[in-house]
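For reference, the structure is listed below as structure tokens.
The values are calculated or read from the model by the stated rules, or taken from the named source; none is laboratory data. All figures in this text were calculated on a predicted structure; none of them were measured in a lab. Here the Cβ positions follow ideal geometry from the backbone for every residue, glycine too, while neighbour counts run over all protein chains shown. The accessibility values were calculated without ligands, DNA or RNA, using every heavy atom of the protein model including side chains. Shrake-Rupley method; radii C 1.70, N 1.55, O 1.52, S 1.80 Å.
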Amino acid sequence: MKKAKRMNAFSSSIFAELSAYCQKRRHLHDEWIDLSVGSPDLPPAPFVREAIARYAEEPNAYGYTLKGIREFHEAVADYYRTTHGVVLNPETEVTYVIGSQDGLVHLPMVFADPGDVILVPDPGYPAYATGVAMAEAEPYFMPLKEENGFLPDLRAIPEEIAKRAAIMFLNFPGNPVPALATESFYREVVEFAKRYDVLVVSDFAYGELYYDGNRNKPVSFLSVPGAKDVGVEMNSLSKSYNMAGCRIGYLCGNADVIREFAAFKSNLDYGIFWPIQKAAAEVLRYGGDFCAESRAIYQSRRNALVSGLADIGWTVDCPPAGMFVWAKIPVGFTSLSFTKELIDRAGVVVTPGHAFGPSGEGYVRIALVQPEDTLRRAVEKLRTSGLFERLAADQR
Ligand SMILES: Cc1ncc(COP(=O)(O)O)c(C=O)c1O
């Protein structure tokens, strides 16, 4: 079998590597606690499950849906108006994606030529780099540094790179870094995009997950003046409504971008199962209370984990939003060696930061995807492993 050269750009995922490592170590622990993959562990709202079951009973539900159905588009537009004060034309400024992964990896093929530069956050969600590779474009990593509030420093992007840039990916609140963008940062982004003619793609997958009240409510990129002239937002129902396996999301914003992207997608797939679109429309309209409950659950998990880790001597930043704790690791380790240490000593699996880009070194990502008592048990396992006691003793 011949393997295409382009496959060299696609490496195996860190999760496959971690799983193989844990498999070899399985004799070490009776209980394993996996905080690596960011897949929600909670079920969708009962009314969503009921809606899918009800619509799936309809004999006419099984045809190709081609473009997104009108109700779904209208529900997206209404959701953006009520949640973010953004006005969208449901016909021209919204299109479906089969989860945002589908959108993110395919979008560069539509808007970047081979050799164009695509600006990606570093550390960042790996799908951006996959999209860059699929378009045979060139990534330029924008470091997210603690001293800049984990926002990219647009002034640090060299002029010749900015001139060659076709797309900029942004992701706030982000994966793996759960930082929030400010409105003034997004205004700078709009200015930058206009100056260099760059398409901005804001990945807003975690837009509904924020803590400590409305002061941490994430800003939609599209709510900033001029944003729709230069960009789009990719949004997903996976994390907000625990529908990750029920693949549906959407791209919204600039009508020209939506038109071109939808034209491309019409060559790739034939739409999303009708019952899923119908249920998605319902949850976008009536899912506000469900999101508030999810926020309360994740907030308690976050508090339990962050305070538990502090008690055993591992002080980590308390995330204002998102699904992850982005934890700085103790000196003397790489993110991979520390991850292995946690696996070997405690049976707790996290994701090493280097898997998200060069600036992820020095951190691990801990996903809040287990119930609160499991997170407390993970902390207990870390405590009894003696690792942090030993590190504290070494420092004395
Ligand atoms: C930042 C970010 N964007 C997009 C996705 C893809 O999600 P989905 O394709 O389920 O919408 C994920 C999934 O983990 C993510 O973390």
Which of these, T82, T130, T374, has the largest mean-square fluctuation under a Gaussian network model of the chain (Cα springs below 10 Å)? T82
With every protein chain kept in the model, how would you rank Y286, Y196, Y250 by accessible area, 1.4 Å probe, largest at the top? Y286, Y196, Y250
Got a sec to turn the phi values of region 187-201 into Karplus ³J(HN,Hα) couplings, 6.51 cos²θ - 1.76 cosθ + 1.60 with θ = phi - 60°, whole Hz, x for Gly and Pro? 5, 4, 4, 4, 4, 4, 5, 5, 5, 10, 6, 10, 7, 9, 10
In degrees, nearest 10, the alpha-carbon axis of helix 372-384 is tilted away from the dominant principal axis of the alpha carbons of the chain by 30 degrees
Ignoring ligands and nucleic acids, what accessible area does T384 show with a 1.4 Å probe (Å², nearest 10)? 100 Å²
Mean-square fluctuation check for the chain, GNM, Cα pairs under 10 Å: which of N254, N303, N148 is largest? N148
Rg and Dmax of region 236-380, Cα atoms only, in Å: 19.4, 54
Identify all lysines with a Cα-Cα distance to K381 below 16 Å; exclude those on the same chain that are fewer than 8 residues away in sequence. K340
D269 accessible area, 1.4 Å probe, all protein chains in place, Å² to nearest 10: 30 Å²
Using a 1.4 Å probe, how large is the accessible area of H354, given in Å² and rounded to the nearest 10? 70 Å²
Put S202, S385 in order of accessible area, largest first, probe 1.4 Å, and you get S385, S202
The summed charge of the R54 Cβ neighbourhood (under 15 Å; Lys/Arg +1, Asp/Glu -1) stands at -3
Among F47, F261, what's the order by accessible area (1.4 angstrom probe), most exposed first? F47, F261
Run lengths n ≥ 4 of DSSP H only: what is the helix-derived mean residue ellipticity at 222 nm for the chain, with -39500 (n - 2.57) per run over all residues, to the nearest 500? -12500 deg cm²/dmol
Test of understanding: express the Cα radius of gyration of the chain as a ratio to 2.2 N^0.38 Å, with N the residue count. 1.00
